[in-house]
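J.: Provided herewith is a single structure, encoded as structure tokens, for subsequent inquiry.
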Amino acid sequence: MLDSLKAMPRYEAYKDSGVEWLGEVPEHWELSKLGTCLKPVSEKNRPDLPLLSITREQGVIQRNVDDQDENHNFIPDDLSNYKVLKQGQFGMNKMKAWQGSYGVSDYTGIVSPAYFIFEFSKEMEPRFFHLAIRSHLYISFFGSASDGVRIGQWDLSKPRMKEIPFVIPRRDEQTAIANYLDRITAQIDQAVAIKEQQIALLKERKQILIQHAVTRGLNPNAPLRDSSVEWIGEIPAHWVVSKLGHFSVVTNGSTPSRDTPKYWNNGTIPWLASGKVNDFEVNSPSEFVTEAALRECSLRLYPVGTVIIGIVGQGKTRGTSAILNIEAAINQNVAGIVPKKELASKFLHRYLVQAYEQIRNYGKGSNQEALNCEVVSSIKIALPPPEEQTAIVTHIETQSAKIDRAIDLQQQQIDRLKEYKATLINSAVTGKIRVPGAAEGKGRAVA
């Protein structure tokens with residue numbers, strides 16, 4: 001795919017830009033700086049206009065009045081100090097410019113006082129400028145023009161930003177480049193969207209595969225009976241339905257005091273934070289604790305095959321489960337489920353994976369913010385005989401592996417499409433290729 005760029009025509013003559021990362025640019029393009037391309041503007045006291053925000057992923061977007069601002073504060077009642085950002089103007093979040101949180105606006109509205117707003121002081125096709133400035137080449141430049149103020153936030157220096165180089169084709173070329181990129185990137189985005197839909201369908205197929213296997217088994221002719229659990233439905237007649245606590249021991253751990261060095265320094269015992277439930281299979285610890293921590297801090301060492309489940313939080317962690325491939329201690333926000341001999345660890349794990357939505361809100365209603373060991377123990381499980389559990393797990397692993405390979409293939413294709421899109425934009429806005437409709441500045445265009 002990237003090879004197709006090499007086949008595209010180039011301009012007839014080039015000159016050295018004097019900027020290492022830009023290299024050579026078409027001879028007739030103007031070498032400029034952002035400070036001469038942009039003029040700062042600041043209009044306020046228009047609370048009647050809609051709220052806008054500027055993101056790394058989408059540029060300028062419309063937002064809801066109930067949204068939080070970029071610092072996770074709710075929008076104030078008094079919006080008179082918010083800045084007006086008009087359609088066709090360039091706005092940026094000065095604290096996150098290093099991430100690419102800037103763009104030319106398609107809307108007229110108001111943004112946080114923390115934003116910079118500019119209009120163009122040179123003849124500029126706004127779509128060309130937007131594509132160029134949001135290309136990967138420029139994002140790193142905004143990083144070098146920013147100073148760190150705290151983790152995840154950097155303050156953009158306006159004087160250094162003004163020195164960032166920018167190359168400007170003639171206006172008709174800008175329009176031709178923007179038209180071409182709009183058309184081609186729309187096609188790429190559509191192809192990516194189709195592949196993302198295919199991935200979603202594959203993941204849904206995998207979830208259905210697991211759900212059917214752990215609640216109906218592998219024998220389509222097995223007699224069924226009502227499980228008496230609404231979200232489980234019918235199960236094979238010879239399966240047993242009971243509380244998870246009947247087939248396992250459910251406990252949780254703790255976090256040793258960070259103020260006590262003897263619990264952490266030179267630790268050798270694996271310890272898991274709650275985020276490890278997202279690993280699906282846990283093969284490495286979050287940190288290590290010491291023998292003293294194990295003795296004194298209500299910790300226990302969980303064996304290989306333990307299934308851990310997040311019990312706290314409103315994000316996806318609560319109700320997410322993983323299986324241990326290592327011995328480890330856990331923190332207080334995770335429950336460790338140690339199966340008894342009649343319950344296979346891998347069967348339990350797959351069962352909890354397919355019951356994620358039900359488990360999140362189990363026991364106390366949909367508004368609860370946390371589970372606990374008692375609630376986890378009360379989760380209903382439909383259990384086949386041990387040999388059938390083994391067959392079900394083997395079936396799930398075999399079929400899931402095929403689906404995972406198909407998902408990986410689609411993701412690789414998405415990654416290649418996104419790489420091609422980024423390289424295409426970078427090449428077009430810096431003149432490394434000449435797009436259809438962009439004529440030479442002098443003389444006849446080179447075919």
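The values are calculated or read from the model by the stated rules, or taken from the named source; none is laboratory data. Bear in mind that the values here come from a model prediction, so they are computed numbers and not experimental data. Positions of Cβ are backbone-derived with ideal geometry, glycine not excepted, and every protein chain shown enters the neighbour counts.
J.: So which residues in the stretch 110-121 are touching a Phe, Trp or Tyr at 6+ places or on another chain (Cβ under 9 Å), in a loop (DSSP other than H, G, I, E, B) and not polar (S, T, N, Q), if there are any at all?
T.: Matches in the stretch 110-121: Pro113 only.
J.: Could you list, in sequence order, all residues of the stretch 207-220 that are in a loop (DSSP other than H, G, I, E, B) and either among the acidic types (Asp, Glu) or free of Cβ contacts under 8 Å to residues at least 60 places away in the same chain (or both)?
T.: Selection gives Asn219, Pro220.
J.: Right, something else. All but one of (1) touching a Lys or Arg at 6+ places or on another chain (Cβ under 8 Å); (2) buried (at least 16 other Cβ atoms within 10 Å of the Cβ) hold for Asp279; state the number of the condition that does not hold.
T.: That leaves (1) as the condition not met.
J.: Also, I was wondering about something else. Please go through the stretch 221-245 and pick out each residue that is in contact (Cβ under 8 Å) with a residue 60 or more places away in the chain, among the hydrophobic types (A, V, I, L, M, F, W, C) and out of contact with any Lys or Arg (no Cβ under 7 Å at 6 or more places or on another chain).
T.: Result: Trp231, Trp239, Val240, Leu244.
J.: Here is a further query. Can you work out which of the residues in the stretch 213-224 that are exposed (fewer than 13 other Cβ atoms within 10 Å of the Cβ) and of a type outside the set (S, T, N, Q) is nearest to Lys421 (Cα to Cα)?
T.: Filtering the stretch 213-224 for residues that are exposed (fewer than 13 other Cβ atoms within 10 Å of the Cβ) and of a type outside the set (S, T, N, Q), the one nearest to Lys421 (Cα to Cα) comes out as Pro220.
J.: Separate question: Specify the residue that is surrounded by the fewest Cβ atoms within 10 Å (Cβ to Cβ); the eligible residues are those in the stretch 87-109 that are over 20 Å from Arg56 (Cβ atoms) and in contact (Cβ under 8 Å) with a residue 24 or more places away in the chain.
T.: Thr108
J.: Right, Ile210: touching a Lys or Arg at 6+ places or on another chain (Cβ under 6 Å), surrounded by 12 or more Cβ atoms within 10 Å (Cβ to Cβ) and under 30 Å from Leu352 (Cβ atoms) or not?
T.: Taking the combined requirement at face value, the residue satisfies it.
J.: What are the residues in the stretch 110-130 that are among the charged types (D, E, K, R) and either surrounded by fewer than 21 Cβ atoms within 10 Å (Cβ to Cβ) or under 27 Å from the mean Cα position of the chain (by Cα) (or both), if any?
T.: Result: Glu119, Lys122, Glu123, Arg127.
So that you can scan it fast, the table gives a plain yes or no per residue for (1) outside the structural domain of Tyr115 (by TED's automatic domain parsing); (2) assigned to a helix (DSSP H, G or I); (3) at pLDDT 95 or above:
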site: Tyr138; (1), (2), (3): no, yes, no
site: Phe142; (1), (2), (3): no, yes, no
site: Gln187; (1), (2), (3): yes, yes, yes
site: Gln197; (1), (2), (3): yes, yes, yes
site: Trp231; (1), (2), (3): yes, no, no
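J.: Regarding Thr290, is this residue modelled with pLDDT of 95 or more, surrounded by 14 or more Cβ atoms within 10 Å (Cβ to Cβ) and over 24 Å from Thr215 (Cα atoms)?
T.: Considered against the rule, which asks whether it is modelled with pLDDT of 95 or more, surrounded by 14 or more Cβ atoms within 10 Å (Cβ to Cβ) and over 24 Å from Thr215 (Cα atoms), Thr290 comes out as yes.
J.: Only one of Leu272, Leu301 is in the same structural domain as Ser378 (by TED's automatic domain parsing), at pLDDT 95 or above, aliphatic (A, V, I, L, M) and crowded, with 21+ Cβ neighbours inside 10 Å. Can you tell me which?
T.: Every option except Leu272 fails the conditions.
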